[in-house]
1. Residue by residue through B:91-104, how many Cβ atoms from other chains fall within 10 Å of the Cβ on average?
2. Once label points are set 7 Å from the Cα along Cα→Cβ at both B:LEU17 and B:ARG226, what is their separation, rounded to one decimal in nm?
3. Compute the angle between helix A:386-399 and the longest alpha-carbon principal axis of chain A, please, reported from 0 to 90 degrees and rounded to the nearest 10.
4. Can you list the residues, at least 5 places off or on another chain, whose amide H is less than 5 Å from the amide H of A:GLY223, using H built in the peptide plane?
5. Per residue of B:82-89, how many C-beta atoms from partner chains lie within 10 Å of its own C-beta, taken as a mean?
6. How large is ³J(HN,Hα), in whole Hz, for each residue of segment B:96-112 in order, when computed from phi with the Karplus curve 6.51 cos²θ - 1.76 cosθ + 1.60 and θ = phi - 60°, using x for Gly and Pro?
7. Once you've got the GNM for chain B with C-alpha springs shorter than 10 Å, pick whichever of B:ILE69, B:ILE267, B:ILE25 has the biggest mean-square fluctuation.
8. As a quick test, which of the pairs A:LYS316/A:LYS398; A:LYS326/A:LYS504; A:LYS316/A:LYS498; A:LYS304/A:LYS455; A:LYS172/A:LYS476 have an alpha carbon distance above 20 angstrom in this structure?
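None of the figures in this text is laboratory data; all of them are computed from the coordinates on show. From a predicted model like this one, the values you see are computed outputs, not experimental measurements. Cβ: placed from backbone, ideal geometry, glycine included. Neighbour counts: every protein chain shown.
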Amino acid sequence: MSRQIDRRAFLRRGAAGAAALAAGSGLLAACSTDEPGPDRKPGPGSSSRSGGTLRAAFVGGGASETLDFFNGPSALDLVRARAWHGTLGNLDPSGPDGVRYGVLEGIDVSDDLSAYTLHVRPGVRFTDGSELTAADILHSLSVLAAGSKLPVYRLAAANFDLAHAKADGDLKVVLPTLRPIADGRMILCQGNFLVVKDGTVDFQKGMPSCGPFRLTEFTPGQGSAFERYDDHYGHVPRLDGLELRSIADSTARAGALTSGEIDFAHDLSPVTARTLDDNGAVELVPTRSPYLVGLSFQMNMGVKPFDDPRVREAFKLAVDREAMVKTVFYGSAQVGNDLPAIGFPDYAEGLPQRAHDPERARALLKQAGADGTEVTLTTGPETPGMVETATLFVEDLKKAGVRASLRELPAGQLYADFSAYAALPLAGAYQMPVPALSTYQMSTAGGSPSAFGWKESATDTLVARARAESDPAEAKKLGTRAQRTRWEEGNQVLPVFKPNLNAKAKGVRGIRDDLFEQFPGFSQASLA
Amino acid sequence: MSLTVFVGRRLAAGAVLLAVLSALIFAATAVLPGDAVSAVAGVDASEAQRAEVRAELGLDRPAAERYAIWVAGAVRGDLGRGFVGDRPVTEVLATRLPNSLLLAGLTLAVTAPLAVLLGLWTGMRGGAADRLVSTTAQVLAAVPEFVMAALLVAVLAVWLEILPRVSVIPLGGTPLDVPHALVLPVLTLSAVGLSVATRLLRVSVADAAASPYAEAARLNGVRGVRLAVRHVLPNAAGPAVQALTLTTGALVGSAVVAENVFDYPGIGRELQLAVAARDIPMVQGIATALAGVMLLVLLAGDVCARLLGAREGHGR
């Protein structure tokens, strides 16, 4: 037994040595072909050193993780895939279509909004030398993404008729829509849709890929190592290598960063992030809008007293949003306006910010005959800050005359029994950053269980019309009208949007340049 | 009864017990509220998608049938695949269980000799040293693991900077590749086990030292180390051996706090993750394996106790 392990260890070392040699030769090649990329600006003072290996830590999925990101729900799964595979595109507010394309040159939309044509960027090569074609994109979308159980990938099948998608030559993919939509670019280019080679079923080290890095080592639950892919489309990364580590505990991630064992720590808890404030060697880099996670409370309209719109409004008025931002997130969060998807193009930013008005809340509750009513808020530590904001909300409700109490479930418990969750009268929840209208259609419209009794066919129709409107101004008007109804009568209190509190060593640059900073890519990063 | 027969009987009984335990574990996963569907399909999945995923995972079949399928696979060494990530359970066990055994083994290697030393010293000497060690042990036993971990990190990793803050193990390597990263987890886990074993040993050493047998040895001129090791320890070690066995066996699966704080890749956290995701095959496989380990460790403890007893008989 022990001999066997020794042998395996030996083989592994051998492999690592070979990988190191390969990395070395890659380095040589990189030096000789060092192309002056358009975005290479030397750092102030010292010229930022090309190369080095950046080490970053994330929450992974433990020893049961695999390389199949279509079935991997953790942050690390997506970050690893982003480093390894080419992307259709990322959201970019400054880009021409609001997106920055990856392996695509552009997306054309037919006049009747019934079909999207994806134009493949010519000359994109996989690591095995073959060229990326329409077939690869088609396979990734209509076989792999369509077969995935993860919500992010289901967005494609919810909007496009993937069964009837087809390649038109090598460089064109035509995707028919299920119903007319004008915001399809925003869905396809959210950064989640990555491309692997046609026919890929198993995801393994050594499989062809066309991302900025190629995978050299993968240990489930521990991490993965990459080296730069010198034939990457667009620009070649500055880093020689990348090491993505799995460190589950927030304090441990921060500790590894301050002691120099890693250069980047993802998604720290507010308290941990606070402890890094006066550390001169590291820097907090919270994600910016739209990559903010909404923390919310869902009121079940099928349960008294939430069937009364006055009670729902009172609960929204009772919450002290500023206090949550200050005390839970030490100021590094944003006040919410009871609507998800802040910062996305289809978010209704024209609506007035809801005030904190406990007096009015109390009066509304009295009108509705619900003052002194007993309510239990159920929540759990599913993301940092969730329990803390719920605790404050319960106190706010008490001030407005509600006999509120908090029930905190252990981690992982809140969503585990979903039918029980959807039947709760008042439940904690969080919203991942995704566009407003398409997400409404997927998870709230039509009386879906996660809508907590919200069933308004008029609003559903309005959202569908807004998405089917090719005139942006008109679409905005319709979308805002739909969201105003949710804002006025809806059953969601959404007081806070919190960033992912990431932190980096002082010398690390260029992580934000890669867009989709919620799940950072490192193709433009450099070490000082 | 010879030792071989004893071990053989105990192994047979252990196998039966393990089968019963596996059924109990399965029953426990079946009565846990909720299922893996939310973990796999996401919170926003529609009813239709949920039903589809439930069927795909086989969760629409009755629990007894699922257990029968699992047992049929398990006797052939196939523990199935996890719901989340679809990785074979045996692979997860093969990568994580050795790390946990190593941690528990090292902890035992630190605690056992120290407990013997301190137990003998305090039990036979008494006085101020006894009070000091006993009080310290009592305090240590009362300190929660995470506080102990934080204290050790603050002193050894942050202040003195002689040890790494987390156990960053080279990819594809084992914890043995970075021995210094093992120090903090082992120290944290040792504190509690050491204090419990020391206190147990101290009491039985004091008893044994006051026994007529030890008195007779003393009158015969046996003193010091010889008295302690040859005459007192064999009579006193029984309860402490049992206590150490129990804590070591339990450590394999329940060092979750230390695993989290130091990011040590053990099996305890995998079990915790699997329970949170309602990943039944993973929970079932890991929990049954841990039950097996515990039974083996208990057996080892009993064998030790028997050998001690045999020696004691021989000594008389």
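1. 2
2. 4.1 nm
3. That works out to roughly 10 degrees.
4. Counting only residues 5 or more places away or on other chains, the set is A:SER246.
5. On the way: counts 6, 1, 9, 14, 5, 9, 1, 2.
So the per-residue partner count for this stretch is 6.
6. 9, 4, x, 4, 5, 4, 4, 4, 5, x, 5, 4, 4, 5, 7, 6, 4
7. Comparing B:ILE69, B:ILE267, B:ILE25 in a Gaussian network model of chain B, the most mobile one is B:ILE69.
8. Numbers: A:LYS316/A:LYS398 13 Å; A:LYS326/A:LYS504 23 Å; A:LYS316/A:LYS498 18 Å; A:LYS304/A:LYS455 16 Å; A:LYS172/A:LYS476 30 Å.
Pairs exceeding 20 Å: A:LYS326/A:LYS504; A:LYS172/A:LYS476.
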